[in-house]
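Report on the structure given below.
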Amino acid sequence: MKQLSSYWILQSRDYSGTLIQPRLLPIRLFECTFQQRAPNTAAQVQTRLINAVSPLTNVTGAEPFRLPPLILHPFSAPEDTSVLMEGSRASLALQGFVPREEQITVDELDGRLLRGRYAELRMLYYIGKDLSRWAEQCAETVLSSAGFEGRRVRPETFTVYLVQHIPAHIRQKLEAWGVLDHCSLFRRAVGLHGVFQEMPPAESFAPDFLRRYHRHVDHWYDLRVRDYGFDRAQPEEFTFELYASGEYALMLEQSWGANSTTTS
């Protein structure tokens, strides 16, 4: 897997919108190349990934139920990264944390801020799309197991589990990617994707919504969790693996190559 480039976002607020000490967060883009091979079924892909990792054991000695892997696609494209950085700088300038260039008006800074906020929403939407797809796969997998008969299992069971009881090895991997507050990130991604089936264009959003969208999507997540009846998972009842989409593709290529060598 080849790293194409590494981008940095200047962050002056946490995911709740609260002011924090400005810092740079990394976004890395990767490229994978792989050979054309016969396609595998979804069941074959899941089996390969499950067999590629060793099972974890919780503190009681009981083995957690293994869920399908969570595969996240790149958080942003290169063009989005520059917009995000401009939006962050504009936010700092509007709040007086950094000096404003004399030739740039307040309206121009506000426009940059709004473009940056929309880029953030786009990022959250596509993360939410990955999370929602994963939660549905988890519900289907668990409901097909006799060990969970009679449980009220819904996709929300696993989105709440991801937010509240994320396994330590998943948290460490996210932190290595530069995701320091996965709880707010995943809450907002799920809340936003639960409202929109397709990402609306920027002009569909009111400027005041874009400036303060954090509060809205947090509320949408809370409503979704509150409005559905479902059983919540115990902290170490499940486990799973996390992959970037490029990492996932590389694993499949290596697995196919190993099988080809074995059978030849």
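We did not get these values from a lab; they are worked out from the coordinates using the rules stated. Note that the structure is predicted; figures quoted are calculated from it, not measured. Heads up, the Cβs are rebuilt from the backbone with ideal geometry, glycines too, and the neighbour counts pull from every protein chain shown.
Which members of the stretch 223-248 meet the condition of being in contact (Cβ under 8 Å) with a residue 12 or more places away in the chain and of a type in the set (D, E, K, R)?
Arg224, Asp231, Arg232, Glu236, Glu237, Glu241, Glu247 - these are the residues of the stretch 223-248 that are in contact (Cβ under 8 Å) with a residue 12 or more places away in the chain and of a type in the set (D, E, K, R).
Of all residues in the stretch 185-212, which are outside any loop (DSSP other than H, G, I, E, B), out of contact with any helix residue (DSSP H, G or I) (no Cβ under 6 Å at 6 or more places or on another chain) and within 17 Å of Lys129 (Cβ to Cβ)?
Hit for the stretch 185-212 is Leu185, nothing else.
I need the full set of residues from the stretch 85-120 which are touching a residue at least 40 places away in the same chain (Cβ under 8 Å) and touching a helix residue (DSSP H, G or I) at 6+ places or on another chain (Cβ under 6 Å), in order please.
Within the stretch 85-120, Ser91, Leu113, Leu114, Arg115, Arg117, Tyr118, Ala119 qualify.
Could you check, for the stretch 151-160, whether at least one of its residues is surrounded by 14 or more Cβ atoms within 10 Å (Cβ to Cβ), without any contact (Cβ under 8 Å) to a residue 40 or more places away in the chain and more than 13 Å from Leu67 (Cβ to Cβ)?
Scanning the stretch 151-160 turns up no residue that is surrounded by 14 or more Cβ atoms within 10 Å (Cβ to Cβ), without any contact (Cβ under 8 Å) to a residue 40 or more places away in the chain and more than 13 Å from Leu67 (Cβ to Cβ).
Only helices (runs of 4 or more DSSP H) wholly contained in the stretch 75-182 count here; list those with 2 or more residues that are under 30 Å from Glu198 (Cβ atoms) and among the charged types (D, E, K, R).
Working: elements: 78-94, 106-143, 155-164, 168-176.
The helices (runs of 4 or more DSSP H) meeting that bar are 78-94, 106-143.
If the requirement is being touching a Leu at 6+ places or on another chain (Cβ under 9 Å) and more than 30 Å from Arg117 (Cα to Cα), which of these qualifies: Phe158, Phe238, Phe148?
Values: Phe158 fails: more than 30 Å from Arg117 (Cα to Cα); Phe148 fails: touching a Leu at 6+ places or on another chain (Cβ under 9 Å).
Answer to the selection: Phe238.
If the requirement is being of a type in the set (Gly, Ala, Ser) and surrounded by fewer than 22 Cβ atoms within 10 Å (Cβ to Cβ), which of these qualifies: Ala135, Ala176, Ala119, Ala189? Give the derivation first.
Numbers: Ala135 fails: surrounded by fewer than 22 Cβ atoms within 10 Å (Cβ to Cβ); Ala119 fails: surrounded by fewer than 22 Cβ atoms within 10 Å (Cβ to Cβ); Ala189 fails: surrounded by fewer than 22 Cβ atoms within 10 Å (Cβ to Cβ).
So the residue among Ala135, Ala176, Ala119, Ala189 that is of a type in the set (Gly, Ala, Ser) and surrounded by fewer than 22 Cβ atoms within 10 Å (Cβ to Cβ) is Ala176.
Condition test on Arg215, is it of a type in the set (Lys, Arg), part of a helix (DSSP H, G or I) and more than 20 Å from Asp130 (Cβ to Cβ)? Let's see the steps before the verdict.
On the way: of a type in the set (Lys, Arg): yes; part of a helix (DSSP H, G or I): yes; more than 20 Å from Asp130 (Cβ to Cβ): yes.
Criteria met by Arg215.
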